[in-house]
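The values are calculated or read from the model by the stated rules, or taken from the named source; none is laboratory data. The structure presented is a predicted model; accordingly, all values stated were derived computationally and were not measured. Here the Cβ positions follow ideal geometry from the backbone for every residue, glycine too, while neighbour counts run over all protein chains shown.
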Amino acid sequence: MEQRKLGALQVSAIGYGAMGLSHAYGAPCDEKAFQEVVAANLAAGVTFFDTAEIYGTNDDPHHNERLLGPVLKPHRAQIVLASKFGIEFDLTSPKLPHPLVANADPRKIKSALEGSLKRLHTDYLDLYYQHRHDPKVEPEAVAEVMAGLIKEGKIRAWGVSEAPADYIRRAHAVCPISAVQNRYSMLARQHEALFPLLSELNIGLVAFSPLANGILSGSYDQNSHFDPKYDYRATMPQFQQESYAQNQALFALLSKIAQEHEATMAQLSLAWVMAQAPWIVPIPGSRNLERIKENAGAAQVKLTYAEVQAITDALERLPHSAVYGGAPTKIHAD
Ligand SMILES: NC(=O)c1ccc[n+]([C@@H]2O[C@H](COP(=O)([O-])OP(=O)(O)OC[C@H]3O[C@@H](n4cnc5c(N)ncnc54)[C@H](OP(=O)(O)O)[C@@H]3O)[C@@H](O)[C@H]2O)c1
């Protein structure tokens, strides 16, 4: 697969987000599923894997790293492995799932990294993100810890997720940031405002939820059911009954352009994300081995400038539903 640059790193142009194997998209997967999913990604040329210390369940808060580690170990030299620190479960809260709180206490970061390295069966991470900024800790203080970890060889590069622009600039001045990981898809474009800054500072964008949690694959309709106990899509706005009708015209157009490329709508959606800049890398997530192959195939879908513009214009013009956690540029009442 074609490679892309994220600051100091080189990664496969499409990565894989492993979160959904442990939470948000159904009951947690077992070891066998992790093995199959990793094998399917590697076979498709996807070598950039994304996890976080908090991808897990109430009973097994580090489920994702714990199951991913042994499976990735034999391939460690060939892969680029990213994990995240900086949010933790508030175990004092009686609410379930426990609410998440930001904690970037520099002493805490080091112990968090040691935990991740142990679970991931490795002695270094290629990319270590601050998952959410902590208002109690200055960006310079976090960046200094990252500089120390890079010097020690414990991490190769660092990044931030969903941090404000001034936080990125200040942190980058102390220790260069390689990647910002933000929600980004056709239906969640609020972070396009950050693109000039990322370009100026040579920082890559890792696009999470690039399929808007799957809706941009066009594979779901009024009959789709999501188990409210394990599947966050049960309450996401884009999977509500009225949203399917709202998205119809836009999705018909996307489907038509996809067919012209002999591609699927998921591939077109990922290709549009990648066409925005050479330093953007989407990390779709799937439990389905065929879909993993399909998503990797998006790297072959090359859109012309006119096609990218036509889709972007349609996103401005046509009605579409809100998406979870995103802010579309325009939501029509009709
Ligand atoms: N930094 C952060 O705060 C943050 C937040 C959220 C996520 N992330 C990272 O980003 C990764 C990706 O996010 P995401 O999982 O929300 O991304 P996504 O790819 O937009 O959504 C995943 C959902 O889409 C479905 N899907 C994927 N490919 C499909 C296809 N070709 N056709 C039909 N359905 C498809 C999957 O269902 P199936 O499994 O049934 O295929 C899954 O339910 C996560 O795994 C995590 O690593 C980071």
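Answer yes or no as to whether Gln246 is surrounded by 14 or more Cβ atoms within 10 Å (Cβ to Cβ), at pLDDT below 95 and under 24 Å from Glu307 (Cα atoms). Please lay out each step first, then the result.
On the way: surrounded by 14 or more Cβ atoms within 10 Å (Cβ to Cβ): yes; at pLDDT below 95: yes; under 24 Å from Glu307 (Cα atoms): yes.
Here the answer is yes, as Gln246 does meet what is asked.
Among the strands (runs of 3 or more DSSP E) confined to the stretch 23-115, the ones with at least 3 residues that are within 21 Å of Glu162 (Cβ to Cβ) and not β-branched (Val, Ile, Thr) are located at 48-50, 80-85.
From the list Ser22, Ser12, Ser83, the one residue that fits, being closer than 23 Å to Leu149 by Cα, within 15 Å of the ligand (Cβ to nearest atom) and not aromatic (Phe, Trp, Tyr), is Ser83.
Put simply, of Val145, Val137 the only residue that is away from the ligand (no atom under 16 Å from the Cβ), over 18 Å from Tyr16 (Cβ atoms) and part of a loop (DSSP other than H, G, I, E, B) is Val137. Scoring Glu294 on the criteria (1) more than 12 Å from the ligand (Cβ to nearest atom); (2) surrounded by fewer than 22 Cβ atoms within 10 Å (Cβ to Cβ); (3) in a helix (DSSP H, G or I) leaves a single failure, condition (1). Candidates in the stretch 111-131 are the residues that are under 10 Å from Phe85 (Cβ atoms) and surrounded by fewer than 19 Cβ atoms within 10 Å (Cβ to Cβ); of these, the one that is farthest from the chain's Cα centre (by Cα) is Ser111.
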